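Each value in this text was obtained by applying a stated rule to the coordinates, not by laboratory testing. Everything quoted here is computed from the prediction, not taken from an experiment. Because the Cβ atoms are built from the backbone with ideal geometry, glycine has one as well, and the counts that use them run over all protein chains shown.
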Amino acid sequence: MCNLYSVTTNQAAIIALFRVMNRYVGNLPAMPGVFPDYPAPVVRNAGTERELAMMRWGMPPPPRVGGFPVTNIRNTSSPHWRAWLKPESRCLVPFNSFAEYAPEPNPETGKKDVVWFARNEDRPLCAFAGIWTEFTGDRGTKSKPVPGPHLVYGFLTTSANAIVAPVHAKAMPVILTTDEEYDVWMRAPWDEAKALQRPLPDDALLIVARGGDKEDKAAA
C-alpha cells in the first residue's frame, strides 16, 4: 500500500490549483519523502471555502482491530469509515509523486527497489482523495509521544491499474487530476463522489524513478 509520497510544489501553487482561501501552515518546505505520521499539507472544507492545514498521516483504526494508524482506506462500505465520507470530512491531499516497493529484491542490491510513480516526468501537482478527522490520543513514537489533539488524514485506494499492478498488484491510491474531480470530491453527496474511487487510466501515470532512494529528489 502507498506509505510514501512526495509533495514538492510550493505553497503558492497548491493554493492556486486547489482554490484555497485560508491557510494556516506557515512556511511549507519541499517534502520529497512523506511517511506515515509525518505532518503534511491537506486541503479541507471551511464552510463555503477551502483552507490549507497541516495534518498527520494516519487515521484512527477500527477499535476492534487496533494497531497502527491507517494511511490507506479501501473498504468504504465499512461503518468505521462511513462516518468520514461526508463532504465535511473529505479532503484533498496534494502530491507530486508516490512510491511502492518492488515485489522482488533487486539482484544487484539484494533490496527491494523503491518505485516512484507520477503523472509524467515533470511530476505535476494533483491530489489523493482523502478523509480527515481530529484525534485526541498520542501520536509520534512510544519513546517520544506527542499528546493530542491532532488533525489526521488518510486517503482512499482502489484497484491497481496496469502501470502500478506489476509493482503492487493489490491497490493504488485514488488520484484526482481535474478541477471537476476536486469539486465533486469536496462537495458532492457520497452517491456521486464514490464514482471517483477508481484507478487512474493507464496512460495517465508512469514510473518516473526506481532505486534505493526513499525521497523523490527529482521532484524536489
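Which residues does the label zone of M54 cover in segment 2-22, counting backbone N under 14 Å from a point 7 Å along Cα→Cβ? Residues passing the 14 Å test: 11.
Looking at segment 144-220, I'd like the Rg to Rh ratio, where Rg is from alpha-carbon atoms and Rh is Kirkwood's inverse mean 1/r. Working shown, then result.
Working: Rg = 16.0 Å, Rh = 15.2 Å.
Ratio of gyration radius to Kirkwood radius: 1.05.
Measuring nothing but how far apart in sequence close Cα pairs (under 8 Å, 6+ apart) lie, relative to its length, the chain scores a relative contact order of 24 percent.
Does the chain classify as rounded, prolate or oblate by the C-alpha gyration tensor (a ≥ b ≥ c root eigenvalues; a/c under 1.5 gives rounded; else a/b over b/c gives prolate, otherwise oblate)?
rounded
Per q in 0.20, 0.24 1/Å, what log10 I(q)/I(0) does a Debye calculation on the alpha-carbon atoms of segment 83-162 return? For segment 83-162, the Cα-only Debye profile gives -1.03, -1.09. Per-residue 3J(HN,Hα) values for segment 73-83, derived from phi via the Karplus relation 6.51 cos²θ - 1.76 cosθ + 1.60 with θ = phi - 60°, read 10, 10, 8, 7, 8, 5, x, 4, 8, 4, 5 Hz in sequence order (x marks Gly and Pro). Across segment 124-135, rounded Karplus estimates of 3J(HN,Hα) from the backbone phi angles (6.51 cos²θ - 1.76 cosθ + 1.60, θ = phi - 60°) give x, 5, 8, 8, 7, 7, x, 10, 9, 7, 9, 10 Hz, Gly and Pro being marked x.
Within segment 115-220, the GluC sites (Glu not before Pro) that combine a DSSP coil assignment with at most 11 other C-beta atoms in a 10 angstrom radius are E121. Within the chain, DSSP assigns beta bridges of which about 90% are antiparallel (rounded to the nearest 5). Could you please report the charge total around S159, scoring K, R as +1 and D, E as -1 over all other residues with beta-carbon less than 11 angstrom from its beta-carbon? That sum, taken over residues with Cβ under 11 Å, equals +3. Net charge in the neighbourhood of A53 (other residues with Cβ under 9 Å of its Cβ; Lys, Arg +1, Asp, Glu -1) is +1. Starting from the Cα gyration tensor of segment 10-72, take the square roots of the eigenvalues, sort them a ≥ b ≥ c, and report rounded, prolate or oblate (rounded when a/c is under 1.5, otherwise prolate if a/b is larger than b/c, else oblate). In terms of gyration-tensor shape, oblate.
Counting charges near P149 (Lys, Arg +1; Asp, Glu -1) among other residues having Cβ under 13 Å from its Cβ returns a value of 0.
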